[in-house]
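All remarks here apply to the structure that follows.
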Amino acid sequence: MFRARHWFSASSVFVALCPPSWAQQNAPMLSYTSNAPLHQKLYDKKPAFYAYILGDVAGKRVDCHHAAQTYVTPASCQKIITALLAFRILGPQYRYKTQLFVSKKGGHINSARICFSGDPLLTSVQLETLLKPLEKKHIQGGIVLDCSGFQTPEYSNDWMIGDMGSNHSCPVSAANIDHNWIKVRIKRHANTTRCMVTNTEEIPIVATINVHKNPTTIKLWWNNHHLCASGYLNDSEPEKIYTRSPKTLTPYLLNKVQKVITKLGITGQIQLINRLNHQDCKKREALLSVVYSKKLVEVLGPAFKTSDNLVFDALYLTILHNSSPHAIVDWGCGDPIIKALLKKYFDLDMKGALFVDGSGLSRYNRIQPAQLWQVLKAGYGMPAFMHAFAHPGEKNSTLAKRTILPKGVRAKTGHLLGISTLCGYAWDGTKGPRSLPKAFVFVAQGYNGNRKEVQPIIDSFLKDQLENPITTTVNLIPNP
């Protein structure tokens, strides 16, 4: 159920700007350390709340920090925590598996069950491979889509309502097919100034898009069960393709599976189930086929660099369901589990932090920069984890255009409206990758305008601090 508090997204920014007393309770006292001239540039160029910490990846030395014990919204830097736990608990070789079970009657297949495991990158092609043994068969007892692997809602209760049905905030289930995306094609009519709009799932569309000399500007949104589109297509472009997520997943999944079984000549009624007694199923079913995902180490690197929210939220729910003896029915149940796992495997105390998803989409996630810095330190030396970070200018990554950063930086970006984060490692360019890097966390919150105006400030500050580490120290936190 959508909560009324979601209308007040500004509250999270207010908390960041005016941290309550609990933000400093039971935390080690840190003095304010900064490169004073550079620090002033941040406020001169773009007023915002800034918090950062940079220090040795091994040991306790901190080169500079500011407001590092204030709780902030990490945005997609939350993925660092999910990635670390996924590699440690599931393992780099972990594979999702989607299984086809059948029951027989009179020596013939009577019913079939597709058991989904939460694979975020399952495709229609893989589904076709899975169902190939049923080609041209009539399944009298029907085909069950078993989505009981996850018992959580498709969307986190802590996501903003405007994110739902967007391409960056897909609904997440045990069953995810073709990234849970609907492809929308906008194509101009020949010899006219009008455009035709179609989509892969044949969803009703209400569209008003014309060809114009202005730059292409397309707006897509949901109105009940209709997809709406408006705007302009530049006259130099014959077509544009966009992606959009369904607001509800069940019709989308049923349609996807129906297309596959129709292609294979399979007939039978399809039913989606979110609750199932697996003990009873095992007594009367046999495994007919299975398809596997790529290894986690192969999936997580590209997803980390492109900041794929679906992959990380699916991993978050996978970790929760694999780590808890109790049924997980709400995304928020993950907070104590994630904290316990970080404590158990890495001896990290996340007191006061809050983890309500795996991607960082929620504004209610919170963590201290100092705590996130400790997570980076804990992950250093884990090869699969380290290789997931992008380098400046890397193609198909969120750092593709952030070339101000030094070449020795490997980082994860994050952003929400009014929030920009950057976390990772920085190697000394003169010593090479065999030397120990610095770990850093940088957060900007509460600013107005486009993040593209703030990111160069963050990047320049980090570059200058790495290349000219001249610091001054002033104790701005009173002793207890």
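How high is the relative contact order of region 52-101, in percent, counting Cα pairs under 8 Å that sit 6 or more residues apart? Display every interim value, and only then the final one.
Numbers: 22 pairs, mean separation 10.3, N = 50.
It comes to 21 percent, rounded to a whole number.
What length, rounded to one decimal in nm, is gained on full extension from Q258 through to D235, with 0.36 nm per residue of separation minus their alpha-carbon distance? Don't skip to the answer; put the middle values down first.
Values: separation 23, 0.36 × 23 = 8.28 nm, distance 3.73 nm.
Full extension from Q258 to D235 adds 4.5 nm.
So for region 163-250, taking the charge dipole from beta-carbon charges (+1 Lys/Arg, -1 Asp/Glu), which of N214, P171, S230 sits furthest toward the positive end?
Of the candidates, N214 comes out farthest on the positive side.
Over the Cα atoms of the chain, compute the convex hull volume and normalise it per residue, giving Å³.
Working: hull volume 78.4 nm³, N = 480.
That works out to 163 Å³ per residue.
Pairs of alpha-carbon atoms within less than 8 angstrom and 6+ residues apart define the contacts here; what relative contact order does the chain have, in percent? Show your work: numbers first, answer last.
Working: 988 pairs, mean separation 119.1, N = 480.
So the answer I get is 25 percent.
Taking other Cβ within 10 Å of each residue's Cβ, how do S324, S111, S397 sort, fewest first? Write out the running numbers ahead of the final one.
Working: S324 14, S111 18, S397 21.
Neighbour counts put them in this order, fewest first: S324, S111, S397.
So, R0 is 56 Å and r is the distance between the beta-carbons of N448 and Q151; what FRET efficiency does that work out to, to 0.05? Before the final figure, lay out each step's value.
Working: r = 41 Å, r/R0 = 0.72.
Calculated value: 0.85.
Fully extended, how many nm does the chain gain between T198 and V125 (0.36 nm per residue separation, minus their Cα-Cα distance)? Walk me through the numbers on the way to the answer.
Details: separation 73, 0.36 × 73 = 26.28 nm, distance 2.17 nm.
Taking T198 through V125 to full extension adds about 24.1 nm, to one decimal.
So what is the relative contact order of region 219-373, in percent, for Cα pairs below 8 Å that sit 6 or more residues apart?
Details: 88 pairs, mean separation 18.9, N = 155.
For region 219-373, the relative contact order is 12 percent.
Taking the Cα centre of the chain as origin and charging only Cβ (+1 Lys, Arg; -1 Asp, Glu), how large is the dipole, in debye to the nearest 20?
Details: 56 positive and 32 negative charges, 162 e Å.
Rounded to the nearest 20 debye, it is 780 debye.
How big is the dipole moment of region 278-409 about its Cα centre under a simple scheme where the beta carbon of each Lys and Arg is +1, that of each Asp and Glu is -1, and everything else is neutral? Debye, nearest 20, please.
Values: 17 positive and 11 negative charges, 67 e Å.
Charge dipole, region 278-409, about its Cα centre: 320 debye, nearest 20.
Any of K187/K401; K183/K259; K295/K438; K256/K395; K213/K401; K343/K463 with alpha carbons more than 25 Å apart? Name them for me. Please report the intermediate quantities before stating the final value.
Values: K187/K401 29 Å; K183/K259 15 Å; K295/K438 29 Å; K256/K395 31 Å; K213/K401 27 Å; K343/K463 33 Å.
Checking Cα-Cα distances, K187/K401; K295/K438; K256/K395; K213/K401; K343/K463 exceed 25 Å.
Starting from the Cα gyration tensor of region 182-244, take the square roots of the eigenvalues, sort them a ≥ b ≥ c, and report rounded, prolate or oblate (rounded when a/c is under 1.5, otherwise prolate if a/b is larger than b/c, else oblate).
Details: a/c = 1.98, a/b = 1.77, b/c = 1.12.
Prolate shape, in that a/c is at least 1.5 and a/b is the bigger ratio.
Return the loop-located chymotrypsin sites (Phe, Trp or Tyr not before Pro) in region 179-254 (DSSP other than H, G, I, E, B) with at most 13 other Cβ atoms within 10 Å of their own Cβ; answer none if there are none. The partial results should precede the final answer.
Numbers: sites: W181, W221, W222, Y232, Y242, Y252; in loops: W181.
Filter output for region 179-254: empty list.
Please compute the modelled spin-label separation between V290 and K132, points set 7 Å along Cα→Cβ, answer in nm with one decimal.
1.7
Based on other C-beta atoms within 10 Å, arrange D308, D178 from fewest to most. Mind showing how you got there, number by number?
Details: D308 22, D178 19.
The fewest-first ordering by Cβ neighbours comes to D178, D308.
Among DSSP beta bridges lying fully in region 182-244, give the percent that are antiparallel, nearest 5.
On the way: 19 of 27 bridges.
Roughly 70 percent of the DSSP beta bridges within region 182-244 come out antiparallel.
In whole Å, how far is the Cα centre of region 171-221 from that of region 389-404?
Cα centres, region 171-221 to region 389-404: 29 Å.
Once you put a point 7 Å from the Cα of L436 and another 7 Å from the Cα of H212, both along the Cβ direction, what distance in nm separates them?
Taking the two extended label points, one gets 5.8 nm.
Which distance in Å, rounded to a whole number, links the C-alpha centroids of region 243-273 and region 332-373?
Distance between centres, Cα-based: 36 Å.
Distance in nm between label sites at E394 and A340, each 7 Å beyond Cα in the beta-carbon direction?
Output for this residue pair reads 3.4 nm.
Counting just the Cα atoms, what span does region 47-166 cover along each of its three principal axes? Round to the nearest Å and put the largest first.
Taking max minus min along each principal axis of the Cα atoms, region 47-166 gives 73, 36, 23 Å.
Readers should treat all values here as calculations from the given coordinates under stated rules, not as data from a laboratory. This is a predicted model, so every value here is computed, not measured. When we count neighbours, we look across all protein chains shown, and the Cβ atoms used for this are built from the backbone with ideal geometry, even at glycine.
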